[in-house]
Amino acid sequence: ALSRLLQQHRKQRERRLLAEGATKRQLNADRLVITNLQKRLLSSIEAFARTLAVHQRTLAEKQQQKRDAQLELLQGGVDADSDLAELDDDEGLNLEEAQTRAALRQTIAADQTDQQLLEQMASIAAAQRGKPDPRIEMLQEWMVQHLCSGHGTDDLQWKPTRLLIFTDYVDTKRYLERQLAALLGEREAQQRVASFSGGMSEENRERLKAQFNADPDQEPLRILIATDAAREGVNLQNHCKHLIHF
């Protein structure tokens with residue numbers, strides 16, 4: 001439903017922009033923002049809902065501020081070689097919000113039909129954003145088979161291997177953290193799940209690498225969630241034979 005509504009919103013906006021004689025810059029800014037929403041919806045409803053709220057607030061202002069902006073975070077996440085890879089989670093989220101607002105201010109304001117579609121999407125996203133999606137259910141099935149047999153019983157046994165999960169967005173990383181905590185229980189998740197992201201101190205980065213590469217019989221950590229910003233030059237494969245891109 002969200003995908004269909006977002007596609008309707010995209011076509012509706014494009015028709016209005018063309019009818020009102022929008023500049024190439026306005027068209028490009030609008031397409032960039034809509035494409036970013038589509039990418040975030042594919043990542044997780046949590047990531048989509050958060051950016052949609054920024055989208056709604058900014059379009060509702062009905063302001064057109066023409067200014068230049070570097071919009072790297074809307075063009076597919078942060079590359080490992082970018083300076084933005086060193087931002088911590090909250091700094092990255094704040095910058096992405098600012099870039100979304102900057103792009104929207106370069107295009108035309110919302111009309112009533114825009115706002116109605118955005119409200120429909122926001123309502124659906126709000127109802128679904130905290131729930132496990134089908135990929136979480138598939139991940140649970142996969143974990144029982146490959147990582148922790150006896151899940152959900154008193155005979156939970158972790159196999160001597162590890163799993164690395166990559167995701168593009170901080171919102172999705174946090175969604176995964178919450179979902180794994182719900183699947184495993186808070187106490188078990190604290191021992192078995194960790195996150196690796198930009199902005200970590202070198203000391204914390206090296207400590208986490210050492211834990212993940214340690215002998216599984218000695219170190220309980222089994223699952224590492226990482227954003228692409230943290231992927232460069234990091235050897236994590238000593239005891240890790242599974243990788244999932246979420």
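The values are calculated or read from the model by the stated rules, or taken from the named source; none is laboratory data. These numbers were taken from a predicted model, which means no experiment stands behind them. Note that each Cβ is placed from the backbone with ideal geometry, even for glycine, and that neighbours are counted across all protein chains shown. Accessible surface is based on the protein model in full, side chains and every heavy atom, while ligands, DNA and RNA are left aside. Shrake-Rupley method; radii C 1.70, N 1.55, O 1.52, S 1.80 Å.
Mind giving me the FRET efficiency for ALA181 and LEU243? R0 is 25 Å, r the Cβ-Cβ distance, nearest 0.05 is fine. Write out the running numbers ahead of the final one.
Details: r = 21 Å, r/R0 = 0.85.
Efficiency computed from Cβ-Cβ geometry: 0.75.
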* Taking the chain as the reference, fit the longest principal axis to its C-alpha atoms, fit the long axis of helix 202-213 to the helix C-alpha atoms, and give the angle between the two in degrees, 0 to 90, nearest 10. => 50 degrees
* Here are some values of log10 I(q)/I(0) by the Debye sum over Cα atoms at q = 0.07, 0.12 Å⁻¹: (i) -0.29, -0.75; (ii) -0.25, -0.73; (iii) -0.31, -0.86. Which one was computed from this structure? -> (i)
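Looking at the chain only, what percent of DSSP beta bridges run antiparallel? Nearest 5 please. Kindly include the intermediate steps, with their values, before the conclusion.
Details: 2 of 16 bridges.
Among the beta bridges of the chain, antiparallel pairing accounts for roughly 10 percent.
Cβ neighbours within 10 Å, averaged per peptide: list 215-225, 188-198 in order, most packed at the top. Spell out each step's value before the answer.
Working: 215-225: 16.6, 188-198: 18.6.
By packing density, highest mean first, the sequence is 188-198, 215-225.
Taking all protein chains as present, what is the carbon and sulfur share of the accessible area of the chain, in % to the nearest whole number, probe 1.4 Å? Mind dumping the intermediate values first?
Numbers: 5730 of 12450 Å².
Carbon with sulfur: 46 percent of the solvent-accessible area.
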* Structure fact -> Of ASP114, ASP171, ASP155, the most mobile residue in a GNM of the chain (C-alpha springs, cutoff 10 Å) is ASP155
* What's the center-to-center distance, using Cα atoms, between the range 97-125 and the range 169-218 in Å? -> 34 Å
* Structure fact -> Scalar couplings 3J(HN,Hα) for the range 97-112 by Karplus 6.51 cos²θ - 1.76 cosθ + 1.60 (θ = phi - 60°), nearest whole Hz, x for Gly and Pro, are 4, 4, 5, 4, 4, 4, 5, 5, 6, 8, 10, 7, 6, 7, 9, 5
* Structure fact -> Heavy-atom accessible area per residue of the chain, all protein chains kept, 1.4 Å probe, expressed in Å², is 51 Å²
